[in-house]
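Quick notes on the structure that follows.
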Amino acid sequence: MPSKPAPIKKAAKKEPAKKEEKAAEPAPEPVPEPAPVEAAPVEAAPAEAAPAEAEAAPAEAAPAEGAPAEGEAAPAEAEAAPPAEEPKPPTPPPADEPTSAPLELFIEDKNDTSVSIIWSQPAEVGHTGLDGYTIEVCKDGTEDWKAVNEDLQKSCRYVIKNQTTGDRLKIRVVAVNAGGRSPAVALPEAVLVKEVADRPKVRLPRFLRQRYIAQVGDKINLTIPFTGKPKPVVTWSKDGQPLDTKRVNVRSSDRDSILFIRTSERDDSGVYEMCVKVDDFEDKAPLILQIVELPGPPASIKIVDTWGFNVALEWTPPKDNGNTEITGYTIQKADKKTGDWFTVLEHYHRLNATISDLIMGNTYKFRAFSENKIGRSEDVCIAKEEAVILKTDIDYKPPVYQERDFNEPPKFTTILNDRSTTVGYSTKLLCSVRGTPRPKVIWTKNQMIIGDDPKYRQICVQGICSLEIRRPGNYDGGVYCCKAKNAHGEDVVSCRLEVKQPVVAGADAEKEKE
């Protein structure tokens, strides 16, 4: 039958070729080819002939009747894929492989019991991923590697704890995944388990960078901070020798050191040096301590020359300057008659001076004090000689002064004023007078001298004159005069006193009725 070969389709022939192309791609697994729907005898021949037909031209392998169909299919297949090759067996899935070694392992920090390490993840991880890391250590000189983490470390940082101070450890890190352990990355050298040394540094306060001066008996308490890691070893010395612990106490902490002297003495002066040391590194800071006190007096003082109203003095520095420089001298003089000392020079820096403006005919003594930063010496040096200022041959004629005449006749500075009063009510008359010598005061009433009449009270104090009239009656009114009189003259003032009757309420009422 001519139509029998038609069911053998070229598409079926080319299907294996297409699947070979797919197999050539990096597919994880080839899909199994489905069984042909046609009967096995019919499809077997084309399946066996497929390789030969793939090598031959499409036009030669086709029957006459199927030529048009093959002719149509050939251009489509030529455009769809290149010439089919011999089919290859399916590629098996890749096997699980470990990752590459971790990268950049180095020490992040360390102390006396632990070491902190850090690293980067491997460059090649693989399709199975990364499960974690194992950190292994062993002592230097051995190969007894032991893992320090029970579970896999996920992060790229780990702290190796509970180590013995002073041990040298070799450290390595291994990456682990489904393929197993990666190559290890190890530190190039063994690590000494000890805190990382930070260079020590003494932080000397600003006020201690210069000479520190204190007075004898003062309490010294100086705190000097420092830095360093681990805790530096602090040592002190004085003038290159160890400290005398009976005199000087030192207390040191992790951050500072305290120099303490309960009661300072001059022997405590010197150059103190503080040294902080960490491993092979150290730092030093000098501290100059000066304990001072009042100086002694000048060693001597003498009178070199005396002329006119002047005296020349010289003196020598004190033997004891109080452990500090002398800042000046104080010179005093005293008249031999009175013995009172007066300062003529103060804060004077030179060792000689000329004292001037002395009084002729007097004899003088001189003494000197020393001065330093603390103050003036308690003791004094007195010159053995005395300076006598001689009188000259000039006759002194004192000026004649004319005495002033203070005599003055009496004169009233405040006159009497007229007054009025009521019967039974006391009143007082006042005036003031001046004069030299003190004038005599006389009071009169209607030109009659009052005298010692008990009804009147006369007072004159420092020129203030007063006359008190006690409970005046109807006849006590009139003209009162005050006369002041001395050897140089007299003066008089007068006034009128009016005495009124008291007003009675009943009498006024009767007068109104009338």
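Kindly indicate whether GLY141 is modelled with pLDDT of 60 or more, on the phi > 0 side of the Ramachandran plot and open to solvent by less than 40 Å² (accessible area, probe 1.4 Å). Explain how you work it out, then say what you get.
Values: modelled with pLDDT of 60 or more: yes; on the phi > 0 side of the Ramachandran plot: yes; open to solvent by less than 40 Å² (accessible area, probe 1.4 Å): no.
Answer is no for this residue.
Picking from VAL433, VAL503, which residue would you name as being β-branched (Val, Ile, Thr) and not in a loop (DSSP other than H, G, I, E, B)? Spell out the reasoning first.
Numbers: VAL503 fails: not in a loop (DSSP other than H, G, I, E, B).
After ruling out the rest, the residue left standing is VAL433.
Is there any pair linking a residue in segment 341-363 that is β-branched (Val, Ile, Thr) to one that is open to solvent by 60 Å² or more (accessible area, probe 1.4 Å) and not in a loop (DSSP other than H, G, I, E, B), with Cβ under 8 Å and at least six apart or on different chains, and which?
THR363/VAL388
Only one of VAL492, VAL479 is under 20 Å from ASN417 (Cα atoms), in a strand (DSSP E or B), hydrophobic (A, V, I, L, M, F, W, C) and open to solvent by 50 Å² or more (accessible area, probe 1.4 Å); which?
On the way: VAL479 fails: open to solvent by 50 Å² or more (accessible area, probe 1.4 Å).
After applying the criteria, what remains is VAL492.
Find the residue count for segment 218-266, including only residues that are assigned to a loop (DSSP other than H, G, I, E, B), open to solvent by 40 Å² or more (accessible area, probe 1.4 Å) and not polar (S, T, N, Q).
Taking segment 218-266 and keeping what is assigned to a loop (DSSP other than H, G, I, E, B), we get 218-219, 230-232, 239-240, 243-248, 253-255, 262-265.
Filter again for open to solvent by 40 Å² or more (accessible area, probe 1.4 Å), leaving 218-219, 231, 239-240, 244-247, 253-255, 262-263, 265.
The next check asks that each one be not polar (S, T, N, Q); those that pass are 218-219, 231, 239-240, 244, 246-247, 254-255, 262, 265.
Final tally of qualifying residues: 12.
Looking only at segment 154-174, which residues are of a type outside the set (Lys, Arg), surrounded by fewer than 18 Cβ atoms within 10 Å (Cβ to Cβ) and under 17 Å from GLU108 (Cβ atoms)?
First, the residues of segment 154-174 that are of a type outside the set (Lys, Arg): 155-156, 158-160, 162-167, 169, 171, 173-174.
With the extra rule that they be surrounded by fewer than 18 Cβ atoms within 10 Å (Cβ to Cβ), the set shrinks to 155-156, 159, 162, 164-167.
Selection gives SER155, CYS156, VAL159.
Residue by residue through segment 177-191, note down the ones that are touching a Gly at 6+ places or on another chain (Cβ under 9 Å), farther than 21 Å from ASP167 by Cα and of a type in the set (Gly, Ala, Ser).
Within segment 177-191, the first condition is being touching a Gly at 6+ places or on another chain (Cβ under 9 Å), and the residues that meet it are 177-179, 190.
Narrowing further to those that are farther than 21 Å from ASP167 by Cα: 177-179.
Correct list: ALA178, GLY179.
Please go through segment 147-163 and pick out each residue that is in contact (Cβ under 8 Å) with a residue 24 or more places away in the chain and touching a Phe, Trp or Tyr at 6+ places or on another chain (Cβ under 9 Å).
At the first step, the residues of segment 147-163 found to be in contact (Cβ under 8 Å) with a residue 24 or more places away in the chain are 152, 156-163.
Once the filter is applied, which keeps residues that are in contact (Cβ under 8 Å) with a residue 24 or more places away in the chain and touching a Phe, Trp or Tyr at 6+ places or on another chain (Cβ under 9 Å), segment 147-163 yields LEU152, CYS156, ARG157, TYR158.
The values are calculated or read from the model by the stated rules, or taken from the named source; none is laboratory data. Predicted model only: the values in this text are computed from it and were never measured. Glycine gets a Cβ as well: all are built from the backbone with ideal geometry, and neighbour counts include every protein chain shown. Calculation scope for accessible area: heavy atoms of the full protein, side chains included, ligands and nucleic acids excluded. Shrake-Rupley method; radii C 1.70, N 1.55, O 1.52, S 1.80 Å.
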